[in-house]
Every structure is written in C-alpha cells, then in structure tokens.
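Enquirer: Sharing a structure here in structure tokens format.
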Amino acid sequence: MAPQLVTSQPVPASAESGLHVAAQVREIRRGRHLSQRQLAGRMQVPRTYISKIENGKAIPTLGSLERLAKALEIDVSQLVRDARSVRDEEVAAIYADPFLAEIAALLPHLDSLQRTLVYGSLRDMATGRRRTA
C-alpha cells in the first residue's frame with residue numbers, strides 16, 4: 001500500500017501560535033540522532049516530505065502524525081503540543097525539584113527589589129562570580 005502524503009500548503013497564522021509540529025518533529029528527530037533520510041526510511045516516505053514537515057511547508061495528516069510518532073518511538077501527543085502544554089510541563093518540572101518548588105513558593109512574598117537581588121545573587125553564583133562589598 002502506498003503511503004499517503006499531504007500536498008504542500010502554507011502554514012496558517014493560527015498554526016504558528018498554536019501547534020508547533022514542525023519544531024517538535026525536528027527537535028525529537030535530532031534528539032534521537034536520526035537524519036531526515038533515516039526518519040523517512042522508517043516511515044517509507046521521501047526525505048523531502050520530512051523536510052517539508054520540519055520547515056512548515058507541509059502539514060501532516062493525522063495518519064502521518066501517527067506514523068511519525070511510531071517512527072520516532074513516541075506518543076503522538078508529543079508532536080502536537082501547543083505553547084500552553086509546553087509551559088505546563090516546564091512548570092511541573094520546576095515544582096518536581098524540591099529546591100525550586102521551595103523558592104517558587106517564596107517568590108510571591110518578595111517585592112521587586114528583593115526579587116532583583118535574589119536573581120542577581122543566583123546568577124552570580126551560577127556563573128561563578130563573587131560580589132564584593
């Protein structure tokens with residue numbers, strides 16, 4: 001059975017602010033150390049189709065998303081994350097760290113000057129700089 005391909009279409013403006021499929025495919029593919037050719041081979045599609053997806057010139061169908069997910073060995077939901085779900089995952093990761101969770105709980109009690117001082121101190125510690133009095 002021949003694979004179904006989506007013809008190239010411009011990406012609507014709403015897609016740019018919502019779903020970030022193109023960036024997700026590229027990021028996950030690179031994280032798996034796969035070339036576009038290798039991913040295309042797993043999906044049995046031309047390499048140019050992967051390139052078009054990653055560049056936002058083709059929008060994959062649901063079936064293609066499922067095949068992409070299978071080829072990348074991930075759940076399809078990882079390909080269609082919007083900005084809000086990415087933010088929610090980042091917040092969850094922060095609260096999963098006990099140290100960061102404790103700091104996050106204290107931040108609402110600080111005024112802007114105190115926040116600036118805390119941020120400056122953390123930045124200096126992280127970069128190895130020392131403050132002099």
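Enquirer: Let me check I've understood the local charge: for residue 73, count other residues with C-beta under 10 angstrom from its C-beta, Lys and Arg +1, Asp and Glu -1. What total comes out?
Expert: +2
Enquirer: Please give, to one decimal in nm, the separation of the simple spin-label points placed at residue 122 and residue 42, each 7 Å out from Cα toward the Cβ.
Expert: For residue 122 paired with residue 42, the spin-label model returns 3.5 nm.
Enquirer: Measure off 7 Å from each Cα along the Cα-to-Cβ vector at residue 83 and residue 33, then give the distance between these two points in nanometres to one decimal.
Expert: 3.5 nm
Enquirer: What's the whole-number percent of alpha carbon pairs in the stretch 63-112 lying beyond 16 angstrom?
Expert: So the portion of pairs separated by more than 16 Å is 59 percent.
Enquirer: Just want the answer: with Cβ charges of +1 for Lys and Arg and -1 for Asp and Glu, which residue in 78, 60, 40 is farthest toward the dipole's positive end in the stretch 13-78?
Expert: Among 78, 60, 40, the one farthest towards the positive end of the dipole of the stretch 13-78 is 40.
Enquirer: Still on this structure: Give, rounded to the nearest 20 debye, the magnitude of the charge dipole that the stretch 82-133 has about its Cα centre when Lys and Arg contribute +1 at Cβ and Asp and Glu contribute -1 at Cβ.
Expert: That gives the stretch 82-133 a dipole magnitude of about 420 debye.
Laboratory data are not the source of any read-out in this text; all were calculated from the coordinates shown. Remember, it's a predicted structure, so these values are computed and weren't measured experimentally. As a convention, Cβ positions derive from the backbone with ideal geometry for all residues, glycine included, and neighbour counts pool all protein chains shown.
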